[in-house]
Amino acid sequence: MESMQGDHPAMPALIVTNQPNAGVIQQAERFGVACEVIDHKPYAGDRAAFETEIQNRLIPYQIDMICLAGFMRVLTAGFTDHWSGRMLNIPPPLLPKYKGLNTHARALEAGDQEAGCSVHLVTPELDGGPVLGQVRVPIKPGDTELMLAARVLEQEHRLYPEVLRRYAQRHTTPMNFD
């Protein structure tokens, strides 16, 4: 939201979170952006119903693009197909490696020399859409999962705004920030 000021080609209209205590709620208030909290627990076992509720909350705001960040729910093909080409995500792995959870631990366990983050278009395949941007983060001797995660998060905050700006301007060529 902070980067989407001034001449930015996109405008934040709504924050949707499934966490009632998420820090993004205060950020939304700070920037005057509407916020909807949808607890996923009542929808246990029915992802489609949860997604229908999300879609129903998006409609009044005339949302035309979704930017996922920290949204740790797997979305069905019905939802992702509806938003095809209009939904971005920023997971911590250097895709296509380590899709899903525990990416930092998996990179450390594998003895990798680098980790990082990727922004990609969301498709029905988990972390499987076309990559629009990446940042590589060196893994240092003695790194713990938390140390690596903190350094990657810094780069996520740098990468996502740049890729979003470019994508909103219809630039789809992948970029690296190394």
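Points to keep in mind about this one:
- Taken over the C-alpha atoms, region 1-43 has Rg and Dmax values of 11.9, 40 angstrom.
- Taking every protein chain into account, the 1.4 Å probe leaves Leu101 with about 110 Å² of accessible area, to the nearest ten.
- Where the chain is the region considered: accessible area per residue in Å², 1.4 Å probe: 56
- Phi angles of region 7-19 translate, via the Karplus equation with coefficients 6.51, -1.76, 1.60 and θ = phi - 60°, into HN-Hα couplings of 8, 4, x, 10, 10, x, 10, 7, 10, 10, 9, 9, 10 Hz per residue; Gly and Pro are given as x.
- Computed over protein heavy atoms with a 1.4 Å probe, the carbon and sulfur contribution to the accessible area of region 123-163 reaches 62%.
- The chain, helix-only ellipticity at 222 nm - DSSP H runs n ≥ 4, -39,500 (n - 2.57), divided by all residues, nearest 500: -10000 deg cm²/dmol
- All aspartates and glutamates inside 18 Å of Lys97 as judged from Cα atoms, apart from same-chain residues fewer than 8 positions distant: Glu109, Asp112, Glu114, Glu125, Asp127, Glu145, Glu156, Asp178
- Three semi-axes of the equivalent ellipsoid, the chain, Cα gyration tensor, whole Å, largest first: 27, 19, 17
- Using distinct alpha-carbon pairs, which all enter the 1/r mean, Kirkwood radius of region 86-150 in Å: 12.0
- Under a model in which nothing but the beta-carbon of Lys, Arg (+1) and Asp, Glu (-1) is charged, region 1-84 shows a dipole of about 180 debye around its Cα centre.
- Which of Thr17, Val74, Gly128, positive extreme of dipole for region 1-135 (C-beta unit charges): Val74
- Using only alpha-carbon positions in region 30-112, the gyration tensor eigenvalues give semi-axes of 28, 16, 14 Å once each is multiplied by 5 and square-rooted (largest first).
- Counting only residues at least eight positions apart within a chain, or on another chain, the lysines with an alpha carbon under 26 Å from that of Lys41 are Lys99.
- Rounded to the nearest 20, the Cβ-based charge dipole of the chain about its Cα centre (Lys and Arg +1, Asp and Glu -1) stands at 180 debye.
- Span from the region 29-60 Cα centroid across to the region 105-170 one, whole angstrom: 26
- Percent of alpha-carbon pairs separated by more than 13 Å within region 26-71: 66
The values are calculated or read from the model by the stated rules, or taken from the named source; none is laboratory data. All values reported here derive from a predicted model rather than from experimental measurement. As a convention, Cβ positions derive from the backbone with ideal geometry for all residues, glycine included, and neighbour counts pool all protein chains shown. The accessibility values were calculated without ligands, DNA or RNA, using every heavy atom of the protein model including side chains. Shrake-Rupley method; radii C 1.70, N 1.55, O 1.52, S 1.80 Å.
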